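K.L.:
Have a look at this one.
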Amino acid sequence: MAKDVSALRLEPSTTGEFSKTQTLQIGIATILVLEYSFFLSEQGTQESAKIIESAAAEYQRSGTPAAVQEAVKDVLSQGHAHEELCKMIIDIILRNRMSKVVQE
């Protein structure tokens, strides 16, 4: 499992710290993979031991990481207050849910 999930990793900056953009990307990716894992488990078509691995692999194949990266950079460049930023992050998550694509 670690091999596929490791593709979600981002490298820290030269100072050894993750930027706000990277932190948000990792957080959003984690939420999206876990949400899709739950969706897959409800479908009952995947072996339970491989659900998260499958969800992470599908996340990488889907093009969602690029969409999330672009959306996060856009939101952070706008300089919103904390409360508005939180709402926009939730919007990014909702717009990029992978289970909604399967259901449509």
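K.L.:
State all residues of region 82-104 that are assigned to a loop (DSSP other than H, G, I, E, B) and either in contact (Cβ under 8 Å) with a residue 12 or more places away in the chain or surrounded by 12 or more Cβ atoms within 10 Å (Cβ to Cβ) (or both); if no residue qualifies, say none.
P.N.:
Matches in region 82-104: ASN96, ARG97, MET98.
K.L.:
Of these, GLY16, GLY79, GLY63, GLY44, which one is modelled with pLDDT of 90 or more, surrounded by fewer than 14 Cβ atoms within 10 Å (Cβ to Cβ) and either over 20 Å from LYS100 (Cα atoms) or out of contact with any helix residue (DSSP H, G or I) (no Cβ under 7 Å at 6 or more places or on another chain) (or both)?
P.N.:
GLY63
K.L.:
Spot the failing condition for GLY27; the list is (1) at pLDDT 95 or above; (2) buried (at least 17 other Cβ atoms within 10 Å of the Cβ), and only one is missed.
P.N.:
It is condition (2) that GLY27 fails.
K.L.:
Name the pairs: first residue in region 26-37 and within 11 Å of GLU58 (Cα to Cα), second residue modelled with pLDDT under 95 and of a type in the set (Asp, Glu), Cβ to Cβ under 7 Å, at least 6 apart or on different chains?
P.N.:
From residues that are within 11 Å of GLU58 (Cα to Cα), the pairs are TYR36/GLU58.
K.L.:
Here is a further query. Could you run through region 47-60 and say how many residues are in a helix (DSSP H, G or I) and surrounded by fewer than 12 Cβ atoms within 10 Å (Cβ to Cβ)?
P.N.:
Residues meeting the conditions: 2.
The values are calculated or read from the model by the stated rules, or taken from the named source; none is laboratory data. Here the structure is a predicted model, which is why all the values come from computation and not from measurement. Glycine also receives a Cβ, built like all others from the backbone with ideal geometry; neighbour counts cover every protein chain displayed.
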